[in-house]
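The values are calculated or read from the model by the stated rules, or taken from the named source; none is laboratory data. Note that the structure is a prediction, hence the values are computed from the model and not measured. With ideal geometry, Cβ positions are generated from the backbone for all residues, glycine too; neighbour counts draw on all protein chains shown. Protein only, heavy atoms only, side chains kept; ligands, DNA and RNA dropped before computing areas. Shrake-Rupley method; radii C 1.70, N 1.55, O 1.52, S 1.80 Å.
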Amino acid sequence: MLILSGKTRVASISIILLFFLSSIGSPVAMARGNATPAPLAPALSQLEANWGASSGNLANWNYNPQNQINSSNAQYLGIKWLFPLPTHPTALLNVAGGLGVGPTPIIINGTIYAVTNFAQVFALNAANGNVLWTDVIPIFPNSTVGHYVAAAVRLHLHNGHVWFTTALFNHTPALWVASGDNKVWAINALNGKYLLNFSDFDGANTIAGNSPTAIQSGPSQITVDQRTGILISSEQSGTSPATGRCFFRGWNVLVTPPQLMWTAFCTPPQPGGNLPVDPNWTVNQVNGMKGAQIFYPGPQYNGGGYIPGTAVVDLKKLSPAQLNATLYDDWGYVNQSPACKAYTGGGSTGSTAAGWGSPWVVGTGPTAALAFVGTNNRDPYTSPCIPGPDLWSAAVLALNETNGQWVWGFQTAAHEAWDYDCSWQQTLGNETINGVSTQVLWKTCKNGYIYELNAQTGNMIWAWTPPANILPRCQNCYMYNPLNRTQMTSSFFTPNLQPALMYPSQFAAFENEGAYSPTLNYLFVASQNVPQYAAYVAPNSTNYKTNSGIAFTPPPGATALANNLDNATIEAVNAATGQMVWSYYIPTQGYRGGLATSGNVVYITLSSGDLLMINAQTGTLIKDLFIGGPLNVLPSIGATASGQMLLIVPITAGAVTWGTGVPGDLVALSLQNVPSTNTVTATATTTATSTATTTVGGGGSTVTMTVASTIAAQTSTITSAAGGIDPTTFYGVAAVAVIFIIATGFLALRGRRPAP
């Protein structure tokens, strides 16, 4: 039992009062007694001060090169302030889901930009959490009527739904948001005013070659190349054969309104659409690409670990007869069996669509004209009517952003039957390959493999999956051979159509964002094992267009989604060799969100409310900081205007180990009470003045306020870490826990020891 002293009770009551005051939108400052923050550090570079994109930078590293907070002092992180997030606006109160912050907050020049799942945008002063401006993007439940989407409005955003530019709009910094009603918004980051907004998707019937009954579910994923003024967008998908064609669009945002430049398709025209079906469509597409490979490791690599670049089927090296036999009528649109026609009515048998999660990547240097995009699983997950590899489901592709031509494609799972989509992280970097500096793309997918690909050709250099003792696989959960017709015509992941335990499952291995440290040249990933009991759903004419083909339930005997079979492991992989360096095991829960790394620390957010800090070089635990609410969004790392480094950690509900649906908070952590062992004197002079406009209601009334601050020259003492207990951290954790109690009724105020 945790017994609070009289002093602590007074503090807790004060925190409760602060919470009620904060419910009107004010941050809660966590300074207490003689708790002193770490002194001002030497001047930071822009790369160190900013978290310039939702995934850290435009290469998706989830990395900050600063060293003010590092593995020797991270244990002294404590809560500086927290900002309670609001619930839905009135117009969306009856729309399910969409609470909390979805994308990782961006930090630019001492301002934090956070976007909720229902597209309310906040600009906060990083020093104290005060609101500089806020903007409620106008979304209504009927905004997508007539678009033939799978849901009325999707209030569920990830890092790939936001972007930040500085070179467009006469060099006005702009925050881009793709909202749940199929619109793209550019917002002036200085004052919250709209710079532009446009619809990037006006309905499934506007996509050439779509079936008349096609659906797309949204919201749009976006990528903006500010060098060319081109925005790339696409729609997500449902899980049924009614899913429309896979497509990507290029927009010229240098003109008003933005002009559609091209539409690139990654699946063939569907039956019943305004274009003829073509059984050779996929064959012709591959013939026009620079590279086209399908991953197939084979049984010899079932034990996991490093997999060489030869473990692929190279479609470009197949004979014309082999290619035709492999890809002819790939999606089964043309030669449907009588049984399939009875289900489909001669209509679509399925499709795939754009992925989500991590942002797509815009190339640089030798790939400057390319955008690297990922795709969804096959829709439906299983079907007797799809007779091929189903290109390009569960894939990563390179797209020429100026003309919409596909350059290369790499499919990670042929005839994907497990919900192993490839929606999440794609990361751009450089490695020395055979003595030559080579631009590479690292890609993680839900099937549990990391891929290192040549960014110019798409050819696999190596792959890696956790060894079987870390990430076990069921006997029917290995990748199919695209040249095996029996496997390419299978209806279900078990050959006898019988129910079975699937692992990795629907909540599969790498359904999150990893991180990359250029200092160590390590990739950090989080594999999860959340087994699901999967049963075949026999198709018929009634359920075919609305059913995924699989019924997923928790394992037999489990009483909830989170059960004693769930676990996760954090792994460090040497990017040069594809070999695991260390692993860190997390029992009893899966993993959602992502990892961030900085100062030789890997930060791990857990649904249990724990923020784990791991030594990036050794994999040893530095600290388990219990925040007190579900953490399912990776943290961002940036500085205040005066140069104090912060970790910004969103509390929000999410998938895998589902947290309670609460609006949540933004929690700012800073170094506090760091014992002094070595002293360095540094002087920094900074002057910062800013003007901000608060916009309420997305175009409604505005209140203008000017925030001006001048930071005078300061003499600072920089200290290294030593042992000891940080009472500020305890009181900060207690504060968030009390707020979580009030918001959800869940008793979160408890002690927590570091995980073993």
Grab the beta carbon distance between THR486 and LYS341, set R0 = 25 Å, and tell me the FRET efficiency rounded to 0.05. 0.65
What distance in nm separates the simple spin-label points at VAL131 and LYS290, each placed 7 Å from Cα in the Cβ direction? 4.8
Can you give the FRET efficiency for THR620 and THR588, using 1/(1 + (r/R0)^6), R0 = 35 Å, r = Cβ-Cβ distance, to the nearest 0.05? 0.95
For the stretch 349-417, I need the span (max minus min coordinate) of the C-alpha atoms along each principal axis, in Å, sorted largest to smallest. 44, 22, 17
Please list the equivalent ellipsoid semi-axes of the stretch 446-523, computed as the square roots of five times the alpha-carbon gyration tensor eigenvalues, in descending order and whole angstrom. 29, 18, 10
Would you mind getting the Kirkwood hydrodynamic radius of the stretch 500-628 from its Cα pairs, rounded to one decimal in Å? 16.2
For the residue pair THR166 and ASN403, what label-to-label distance in nm results when each label sits 7 Å from Cα along the Cα-to-beta-carbon direction? 3.3
Check cross-link reach from LYS443 to the lysines: straight Cα distance under 24 Å, and skip same-chain residues fewer than eight apart. LYS290, LYS316, LYS317
Each residue of the stretch 486-499 in order: what ³J(HN,Hα) in whole Hz does its phi give by Karplus 6.51 cos²θ - 1.76 cosθ + 1.60, θ = phi - 60°, with x for Gly and Pro? 5, 5, 6, 10, 5, 8, 8, 6, 9, x, 8, 6, 7, x
Any idea of ARG154's accessible area? Nearest 10 Å², probe 1.4 Å. 70
Per-pair calculated FRET efficiency, R0 = 45 Å: ASN252 and SER319 via Cβ, rounded to 0.05: 0.65
For the stretch 441-572 the translational diffusion coefficient, Stokes-Einstein from a Kirkwood Rh over Cα pairs at 4 °C and viscosity 1.567 mPa s, in µm²/s, is roughly 77
How much net charge surrounds ILE450 when only the other residues with a Cβ under 15 Å from the Cβ of ILE450 are counted, with Lys and Arg +1 and Asp and Glu -1? -3
The stretch 73-204: radius of gyration and largest Cα-Cα distance (Dmax), Å: 15.8, 55
Would you please give the residues with an amide H less than 5 Å from that of ASP330, counting only those at least 5 places away or on a separate chain, with H modeled from the backbone geometry? THR282
Given labels modelled 7 Å from the Cα in the Cβ direction, how far is it in nm from TYR328 to LEU275? 2.2
Applying a 10 Å radius around every beta-carbon, put 127-138, 250-261 in order of their mean neighbour count, most first. 127-138, 250-261
Shape box of the stretch 279-346 [Cα atoms, principal axes, largest first, Å]: 46, 30, 17
Gained length - TYR478 relative to ALA96, 0.36 nm times residue gap less alpha-carbon distance: 134.0 nm
